[in-house]
Amino acid sequence: MPRRFWRRVSRERDSVRRPLGHPGDSRYTGVPSMRLLVSAGETSGDLYAGELVRHIRLTEPSSEVFGLGGDRLAAEGAELLAHVRDLAVVGLLEVVSHLRSLRRVFSRVLAEVERRPPDVAVLVDYPDFNLRLARQLRRRGVRVVYYVSPQVWAWRRGRLDAIRKTVDRMLVIFPFEEALYREAGVPVAFVGHPLVDLVRPPADRAGFLARAGLDPGRPVVALLPGSRTKEIAHNLPPLAGAVKILGHERPELQFLLPLAPGLEARTVEEALGSLPVRIVPNQAQAALACCTMAVVASGTATVEAALVGAPMVVVYRLAPLTYLLGRRLVNVPHFAMANLIAGSRVVPEVIQRELTPERVAAEVRALLDDPGRRQSMKEGLAEVRRRLGSPGASARAAAEVLAVARGV
């Protein structure tokens, strides 16, 4: 009999008794009502996956979840086969150096799928790994939902054909992605961006800055160089150089660096040396909401900055050969997600060779010295915020996953 038939028989047998709690919860003593594989290989994906599972459990409290993720997914009772700290890799060449360990993880996931077939798999971003996984899952009769689209609108549009053949439903978080998939014949739903619900700036700006050891009456520049060790290595040195320049010119400036989860403070402290930068752990949203302006590495943090209306300069640097190979394949007018969503250059971008201490310092000066420009930027970011959709993205995504699991 087909594998899907036996899964259906198993669900019907197990549905006789659906206990409260979930596997991993001390209250849980019975069989799962639904089995879910989740594959999230990066910190942002772990955040979205954790919220997704939390909402799924509101409908299916005894569901069993296993796969790849981080602390947020684990907090929702998921059994992790590998942690994001060992999976997140930046750049084409860097991926090659990690192939052996990634293959081991890939094999382990498939072995678990064989041992306990899931009712549905949710693959979150992380396309080089997850698109290969989708093919193997399809061969095993597992329904696949892809949450947070690969950036096929920027490069490698040939992936659309593979997605059409392997993905049962694509859940996109940016509005311009929906039409692309619909035209390609991929079942798609725009659910909105989960960060709309998750970004909660502190109500007391002065209190937050004072607790961070800063003076609320002086300007604050937030530094967000990235969430991975490689990003710190590439992005932080030129930012540190800019701090040195600006600190000498303008002693009234204060610098705040929120340390991303999974990063060691020592790595950042060594790059900064004796520079007067306050480091606070796991408080990116608060730092962005309370700063005068920010210097932000391209990625999820730029969306967080847009949602709190923080004027920013977007920066990014890759290994030179990785950038050279990738740039020939990328076809987008902007790098910063805020600019892509707005369809115009709302925030300045300082990318690759342009990312020097002098250029960053110049961009910071330009924003600090022009309140009118900062206000205009805030208005542009407000439009970006509007285009990201209404609250409730994780709940809508959970409803889509449950519909696919039930064959709807």
Considering every residue within region 225-244, establish whether at least one is open to solvent by 70 Å² or more (accessible area, probe 1.4 Å), farther than 18 Å from Ala294 by Cα and more than 24 Å from the chain's Cα centre (by Cα).
no
If the Cβ limit is 6 Å and pairs must be 6+ apart or interchain, which residue in region 291-317 that is closer than 20 Å to Ile232 by Cβ pairs with which residue that is charged (D, E, K, R) and surrounded by fewer than 24 Cβ atoms within 10 Å (Cβ to Cβ)?
Ala297/Glu231; Val313/Glu363; Val314/Glu349
For Pro237: the one exception among (1) at pLDDT below 95; (2) in a helix (DSSP H, G or I); (3) touching a helix residue (DSSP H, G or I) at 6+ places or on another chain (Cβ under 9 Å); (4) over 29 Å from Gln375 (Cβ atoms):
(1)
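So which strands (runs of 3 or more DSSP E) are wholly in region 102-188 and hold at least 1 residues that are open to solvent by less than 10 Å² (accessible area, probe 1.4 Å) and either touching a Lys or Arg at 6+ places or on another chain (Cβ under 7 Å) or more than 21 Å from Ser44 (Cα to Cα) (or both)? Write out each step before concluding.
Numbers: elements: 120-124, 144-147, 169-172.
By residue number, 120-124, 144-147.
Test Arg228 against the stated conditions and say whether it is farther than 16 Å from Val308 by Cα and basic (Lys, Arg). Step through it out loud before you land on a result.
Numbers: farther than 16 Å from Val308 by Cα: yes; basic (Lys, Arg): yes.
Answer is yes for this residue.
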In this structure, is Ala210 part of a helix (DSSP H, G or I), open to solvent by 40 Å² or more (accessible area, probe 1.4 Å) and more than 21 Å from Leu367 (Cβ to Cβ)?
yes
Return only the number of the condition from (1) open to solvent by less than 20 Å² (accessible area, probe 1.4 Å); (2) part of a loop (DSSP other than H, G, I, E, B) that Asp215 does not satisfy.
(1)
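The values are calculated or read from the model by the stated rules, or taken from the named source; none is laboratory data. Only a predicted model underlies this, so the values are computations on that prediction, with no experimental measurement involved. Methodologically, a virtual Cβ is constructed for each residue, glycine included, from the backbone with ideal geometry; neighbour enumeration extends over all protein chains shown. Quick note on the areas: whole protein, heavy atoms, side chains included, nothing else; ligands and nucleic acids left out. Shrake-Rupley method; radii C 1.70, N 1.55, O 1.52, S 1.80 Å.
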